Amino acid sequence: MASVPSLASSVNQRVADALVSALPEAGAADPLLRRSDRADFQANGILALAKKAKANPRELATTVVGGIPTGGEGDVIREIEVSGPGFLNITVSDRAIIETLAARAGDDRLGVPLNPSAGTTVIDYAQPNVAKEMHVGHLRSAVIGAAMVEILEFTGEKVVRRHHIGDWGTQFGMLIQFLIEHPHELDHKAAGAEADIEVSGEEAMSNLNRLYKASRALFDSDEEFKTRARARVVDLQAGDAETLAMWQRFVDESKIYFYSVFDKLDMDIQDADVVGESGYNDMLTETCKLLEDSGVAVRSNGALCVFFDEYKGPDGNPTPLIVQKSDGGFGYAATDLSAIRDRVGGLKASTLIYVVDARQSLHFKMVFETARRAGWLNEDVQAVQLAFGTVLGKDGKPFKTREGETVRLVDLLDEAVDRATAVVREKAEKVGLSEAEIVENGRFVGIGAVKYADLSTSAARDYKFDLDQMVSLNGDTSVYLQYAYARIRSILRKAAEAGDRTPVAHPELELAPAERALGLHLDQFGELIAEAAAEHAPHKLAAYLYQLSSLFTTFYDQCPVIKPEPELVVGENRLFLCDLTARTLTKGMSLLGIRTPERL
Ligand code: ARG
């Protein structure tokens, strides 16, 4: 499929060419083109170039302008003028806008180019912990990670997903020992054929919760049980078959629960991509040996540690990364370092992304630095934590129930869907939705609202979990975008029913300001995708789509599409703009993991 050069890049090219002729010593100079309020674009780069060449900026700008053909039938640029000390204000022709958009519309990828230097990204996201309830932090990782996967894949990147679930550690000694002593605690009530996945997901988690609490209580109160539980950890690490089989039951039971939540989230997680902490067990001893032999890590009070000058505790003493504890146990760091060896050495990653809570930033800084010292990461590999902030309650404090407990993710999602369904139901009669459609749309709107709220602010920031705001029809919400999409689809259906009009691009027409504004924004889609991918910033895509809907709303207010009926070609061209807007919206939303119902 053909990628379509954006108007910005065409304009940029013309200005850059004229710059080189006017000032050959400038070489491949960047005109620094930006969208502008005064014209379509503004070029800000001439000032600095003139300064460097000791030339008069206004004179240079005037020469550049003289070297650019404008105003002709085939010219992209309609008008260009020097402004201020040496900026250029540039207006493109209406013809160029519609011709470019028509080329986009003719392409499956909407003309969005593939990244010529695409590589392989291993992305670590959606990583809950075995035998534990998922919380809002896991939601953020899953939602942001899934959006990054889609955006990167759309640019042509090869993406390997890794769900680094917490499935190993000393707590399993206690759980396994308890299960051995109470063998029926994980049995399912009715393994009936109809037990649907949601019910069994709930049941799985409540089994695990009960077992966790009971074993914890015993562990804290019964010294003999504690001793047996500790011995069980040793058996587990030694790979004792019965112990491992019990451990596997916890993992399997937890996965039933995880998948039920991911399913609710309308998210596709593949079992083959779930490679948890335990997946690196075979590498841990070697990882430690390599670190110790190379001197990257040293023994300190029996523990294997990596020291950093820059990381100190409150007492001024250095905070080391502990790779192996003094009792021989391996920790979180040993696993993450082994995972890096696997992802770079085995999976041949050029980029590693970790979608993890910002509160783990120190851990990742230390892990990455250690891997660099050990040579497992080099200049060819970029390792980044896509760190996300905390989810806050309406009161601005970390999100908790009134009793101070962590809020169960499932409850939140169910409530979001309930509220969204109510919103959908209100309009359902007018739109003529069946009960089944109301239920389905309620899910798409509710889950979309939760995802969008998470994706529409930059990941690093904390955000307030406010369902009222999330499902509001006004403002920067997914529902607003979904309604915009459904409205456009309804316009297109009406036009199709009327029969005489279809979406057709007419480059010969003069455009109204609202048509130009919408068109120019539509044209930026490819650049936006490239930016969101390179900066790992899905919120930029969300902002782009929100603006697209707003520009569409203005266009629809100011430019009649169906009634009062405009001249035939004008109507066709407007339908064409509607169609491309709808296709851009649905593509963008699907990259964010959000559905766009046809009727709402
Ligand atoms: N399971 C961890 C948690 O719940 C997140 C894992 C992050 N990934 C990693 N490679 N350490 O906090």
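The values are calculated or read from the model by the stated rules, or taken from the named source; none is laboratory data. On a predicted model such as this, the values are computed, not experimentally measured, just so you know. Because the Cβ atoms are built from the backbone with ideal geometry, glycine has one as well, and the counts that use them run over all protein chains shown. The area values use the complete protein model at the heavy-atom level, side chains included, leaving out ligands, DNA and RNA. Shrake-Rupley method; radii C 1.70, N 1.55, O 1.52, S 1.80 Å.
Computed from the C-beta positions of VAL298 and LYS430 and an R0 of 56 Å, the FRET efficiency is 0.20 to the nearest 0.05. Available extension along the chain between GLU202 and ASN378 is 58.9 nm, counting 0.36 nm per residue and deducting the alpha carbon span. The fraction of accessible area contributed by carbon and sulfur in the chain is 50 percent, rounded to a whole number (1.4 Å probe; ligands and nucleic acids excluded). Note on segment 284-346: with charges restricted to the Cβ of Lys and Arg (+1) and Asp and Glu (-1), its dipole about the Cα centre is near 80 debye.
FRET efficiency for the GLU73 to GLN547 pair, using the beta carbon distance and R₀ = 25 Å, is estimated at 0.20. Across the protein chains, with a 1.4 Å probe defining accessible surface, the residues VAL450, VAL160 rank VAL160, VAL450 from largest area downward. Within the chain, the percentage of alpha carbon pairs spaced more than 37 angstrom apart rounds to 47%. One compactness figure for segment 338-395 is 1.31, namely its Cα radius of gyration divided by 2.2 N^0.38 Å.
Annotation: lysines with alpha-carbon distance below 30 angstrom to LYS158 (same-chain offsets under eight excluded): LYS255, LYS264, LYS348, LYS365, LYS451, LYS540, LYS587.
Structural size metrics of segment 535-600, computed from C-alpha coordinates, are Rg and Dmax of 13.9, 44 Å.
Normalised per residue, the accessible area of the chain is 45 Å², obtained with a 1.4 Å probe and no contribution from ligands, DNA or RNA.
Rg over Rh for segment 245-377 works out to 1.01, both radii taken from alpha-carbon positions and Rh defined as the Kirkwood radius. A full extension of the chain between ASP30 and SER9 corresponds to an added length of 6.4 nm, given 0.36 nm per residue minus the alpha carbon distance. Dipole check for segment 225-320: with +1 at the C-beta of Lys and Arg, -1 at the C-beta of Asp and Glu, and the Cα centre as origin, the magnitude is about 620 Debye. Note on THR285 and ASP273: their simple-model spin labels are 3.3 nm apart, each label 7 Å out from Cα toward Cβ.
Segment 370-389 and segment 274-325 have Cα centres spaced 16 Å apart. Counting 0.36 nm for each residue step from ALA238 to ASP187 and taking away their Cα separation leaves a gain of 15.7 nm. Centroid-to-centroid, using Cα positions, segment 86-137 and segment 550-581 are 25 Å apart. Note on LYS430: lysines with a C-alpha under 24 Å away, same-chain residues under 8 apart excluded, are LYS494, LYS563. Taking all protein chains as they are arranged and a probe of 1.4 Å, the heavy atoms of VAL569 leave approximately 40 Å² accessible to solvent. Shown are TYR311, TYR556, whose ranking by accessible area with a 1.4 Å probe and every protein chain present, most to least, is TYR556, TYR311. Take every Cα-Cα pair in segment 402-483 and report what % of them are more than 17 Å apart. In whole percent, the share of Cα-Cα pairs in segment 402-483 beyond 17 Å is 47.
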